[in-house]
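Asker: Handing you this structure, nothing more for now.
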Amino acid sequence: MKKRVILCCLVTVLIGVAGCDASTGTAAERKAAYAELTGIQEKLEKAGGGARVDFTATLDGIGPSGGWEGVSQVRFAEPSWDTTYAKMISKGDDSPVVSARRLHLGNADYYTSQALKPADGRPWYQASETILLWGNQLANPQLNVADIVTWLPAFARADESIAAESKIGDHEYRISCDKGSRVCPTQLGSRLDDYFNVISSMTLHAVLNADGLLQKLEVEAYLSYQEPPGGTPTGNPAFHPADSYRATATFTLSQFGTVPRITAPAAGDISRSDRVDVKRS
């Protein structure tokens, strides 16, 4: 009888120890997932500071829509980028598909394109000073749907529980959120906020390499506009979509540590015209 009691006690102790080990391991895994997921943007900033980012992106809904394809050389610390759009697509009108190059530095954006020419014939125009007469408002690259830095801050909003739940493989995460949740931001910090004031849902699928560097990011977000209490419109009253829009983007990163030298065009090359239009043959 004594032997049976001792054996039962021993089994109980061993089970307890095993349970503690499993619990500790789970806690460690949760902390590791949290550190890896929320550190995505910081890792990119510290890993030489730059990378090549190939992208495709769309903004689709009932009405005017847009699409963008190309490649960016991105400097993540104090974000700036040199983007070549192989295609800028305006859907819902008769605008031609065009290509362009964009330099983003601080709050300034400069564009040049063989298809888009200012009236004074200078090769570059500044987006804040010159009106783009190509395409619809939701095809404007200034919306930043196709810029990876628009979406990166969402990772830092995750808590330990969300990070653990979103891990779907080694160095792979899928975060989904709905309006009002911790991860879904109320604003994206781009000109999308002029047109949409609600992020109904958002899904981010991130694949990292063994060093924790982001290799691929897939984004899907549903955006809409809701009249605020009191009926005072927010953002750009010129165009608030009545229906929900779907933003998608796929980014593939490579050449980490390649820090681009991005400088503004020479002042004499920047247009002083108030508008830029499609070049007519």
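Read-outs: derived from the displayed coordinates by stated rules, not from any lab. Please read all numbers here as calculations on a predicted model, not as lab measurements. Heads up, the Cβs are rebuilt from the backbone with ideal geometry, glycines too, and the neighbour counts pull from every protein chain shown.
Asker: Pairing the Cα long axis of helix 2-38 with the longest principal axis of the chain, what angle in degrees results, from 0 to 90 and rounded to the nearest 10?
Answerer: 10 degrees
Asker: Rg to Rh ratio, region 40-106, alpha-carbon atoms and Kirkwood radius?
Answerer: Rg divided by Rh gives 1.08.
Asker: Rounded, prolate or oblate: which fits region 88-151, taking a ≥ b ≥ c as square roots of the Cα gyration tensor eigenvalues, rounded meaning a/c under 1.5, else prolate when a/b beats b/c? Display every interim value, and only then the final one.
Answerer: On the way: a/c = 1.83, a/b = 1.04, b/c = 1.76.
In terms of gyration-tensor shape, oblate.
Asker: Across the chain, how many lysine pairs, 8 or more positions apart or on different chains, have C-alpha atoms separated by under 20 Å? Please give the number.
Answerer: 10
Asker: Return the tail of the calculated pair distribution for the chain, meaning the percent of Cα-Cα pairs more than 32 Å apart.
Answerer: 36 percent
Asker: Also, I was wondering about something else. I need the Kirkwood Rh of region 166-281: take the reciprocal of the average 1/r across all distinct C-alpha pairs and report it in angstrom.
Answerer: About 17.9 Å for region 166-281.
Asker: Okay, helix-only estimate at 222 nm for the chain: each DSSP H run of n ≥ 4 adds -39500 (n - 2.57), divide by all residues, round to 500 deg cm²/dmol; what do you get?
Answerer: One gets -6500 deg cm²/dmol as the mean residue ellipticity at 222 nm.
Asker: How far apart, in nm, are two points set 7 Å out from the Cα along the Cα-to-Cβ line at Glu220 and at Ile131?
Answerer: Those two pseudo-labels are separated by 3.8 nm.
Asker: To the nearest 0.05, how large is the calculated FRET efficiency for Arg261 and Ser190 if R₀ is 35 Å and r is the Cβ-Cβ distance?
Answerer: 0.90
Asker: Further question: Run the quick spin-label model on Asp178 and Asp94: label points 7 Å from Cα toward the beta carbon, then report their separation in nm to one decimal.
Answerer: 4.5 nm
Asker: Another question about this same structure. Pop the C-beta distance of Ala242 and Asn209 into the FRET formula with R0 = 45 Å and round what comes out to the nearest 0.05.
Answerer: Result of the calculation: an efficiency of 0.60.
Asker: Give me the one-decimal nm value for the distance between modelled label points at Glu29 and Lys43, 7 Å along each residue's Cα-to-Cβ direction.
Answerer: Going from the Glu29 label point to the Lys43 one covers 1.8 nm.
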